[in-house]
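See structure below.
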Amino acid sequence: MSKSILVTGASGNIGRVLVRLLLEQGELVKAATRHPSQYPTDSGVEAVDFDFDQPETYAPAMAGADRLVLMPRGLDLEPCTTASPLLEQAKASGVRHVVLISGFGVERLVEYPGHFQLEKLLQSTGLEYTILRPTWFMNLLIRGLNLPRQRNRLCPPVGEARLSFIDTDDIAAVAAVCLTEPRHWGQVYEMTGDEIVNFDDCAEIIAQNAGCEMRYEPATEAEMREIYARVGMMPPSIDYMMWYFAAVRAGWYEIVTPTVAELLGRRPTALAQFARKHAPVWKNAAV
Ligand SMILES: NC(=O)c1ccc[n+]([C@@H]2O[C@H](COP(=O)([O-])OP(=O)(O)OC[C@H]3O[C@@H](n4cnc5c(N)ncnc54)[C@H](OP(=O)(O)O)[C@@H]3O)[C@@H](O)[C@H]2O)c1
């Protein structure tokens, strides 16, 4: 009987697209979510109950799967706490290959070693693995790096610092390739777009291509902390983001890698393309 692929984070930016791509390739897909009844199943995917915080959901979700996409929660500072029993269960359930969505530069985040520890944990399990380390997501230009309720004001406290972004659709496409071609087993892929920009560049590209007003008005670090606190982010997560901004200012993300082009046979999505794709969101900027 054919085995399936269990995708955690299946309702998220990467997961939604990844599930669709895998189904298009004829794979059996289980979408792991805390809300299976709300997951769109019209395309043939099986939505299964899964919660990192409820280990009793792990085994039923993994039944019949031979591949797993492990998408840790974004601001989880200690992902090994849940990933350790999850990977144990994966082995017991007959999962053979795990694709982990990690992050660019995790090996240098000495104050926050959790995601690098997760990579090492996965590598020590004996399971086949592929580790994806994407840089900053373009989606953060829609939500996460803006003033609250003002998508047309970018505000991260990084001044003129330059960095590369990546479209989550490209991450999903690379993950789909890695799940279906064993030659990617044992690889760690650092993934970026193919342009290095500062936030003034981002604002200009979005304004031109989405046809909207967009400005970069950098907050101070103290103001950014207040902005995040106002939207309910907890102090440890705010500290974590400040560390990331310091890494941007230090030039860690001022780099382009060939991974997306090599694996997909096309250029990564450019910021201009991304802006055109999401133009309606920015045109209704006061949300
Ligand atoms: N943002 C960046 O620039 C960046 C850079 C590098 C790497 N990353 C990594 O990218 C991943 C995030 O990708 P994304 O943007 O696609 O995610 P996202 O859109 O924020 O989606 C988050 C997903 O996490 C799931 N989730 C939340 N709490 C859960 C829980 N307790 N149990 C099970 N699932 C839970 C949600 O599923 P349900 O609500 O359906 O349960 C949802 O599908 C993270 O692993 C992050 O570390 C992010």
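The values are calculated or read from the model by the stated rules, or taken from the named source; none is laboratory data. Remember, predicted model here, so these are calculated numbers, not experimental data. Reconstructed Cβ throughout: ideal geometry from the backbone, glycine too, with neighbour counts over all protein chains shown.
Annotations
- Complete set of residues in the stretch 214-234 that are in contact with a helix residue (DSSP H, G or I) (Cβ under 6 Å, 6 or more places away or on another chain) and assigned to a loop (DSSP other than H, G, I, E, B): Met214
- Answer from Arg108, Arg162, Arg149, Arg133 - the residue that is in contact with a strand residue (DSSP E or B) (Cβ under 6 Å, 6 or more places away or on another chain) and more than 12 Å from the ligand (Cβ to nearest atom): Arg162
- Answer residue from the stretch 40-51, given it is surrounded by fewer than 20 Cβ atoms within 10 Å (Cβ to Cβ) and under 30 Å from Met234 (Cβ atoms) and is farthest from the ligand (Cβ to nearest atom) among those: Asp49
- The single condition among (1) under 19 Å from the mean Cα position of the chain (by Cα); (2) part of a loop (DSSP other than H, G, I, E, B); (3) modelled with pLDDT of 95 or more; (4) more than 16 Å from Glu262 (Cβ to Cβ) that Tyr129 does not satisfy is (2).
- Taken together, Leu140, Leu118 contain a single residue that is near the ligand (Cβ under 10 Å from one of its atoms), crowded, with 22+ Cβ neighbours inside 10 Å and modelled with pLDDT of 95 or more, which is Leu118.
- Failed criterion for Leu100 (all others in (1) in contact with a Leu (Cβ under 6 Å, 6 or more places away or on another chain); (2) closer than 22 Å to Ile238 by Cβ; (3) surrounded by 20 or more Cβ atoms within 10 Å (Cβ to Cβ) hold): (2)
- Odd one out for Ala10, checked against (1) more than 8 Å from the ligand (Cβ to nearest atom); (2) within 28 Å of Gly193 (Cβ to Cβ); (3) among the aliphatic types (A, V, I, L, M); (4) not in a strand (DSSP E or B): (1)
- Complete set of residues in the stretch 32-62 that are in contact with a Pro (Cβ under 9 Å, 6 or more places away or on another chain) and of a type outside the set (D, E, K, R): Ala47, Val48, Phe50, Phe52, Pro55, Tyr58
- Among the candidates Ala59, Ala83, Ala90, the residue that is assigned to a helix (DSSP H, G or I) and within 13 Å of the ligand (Cβ to nearest atom) is uniquely Ala83.
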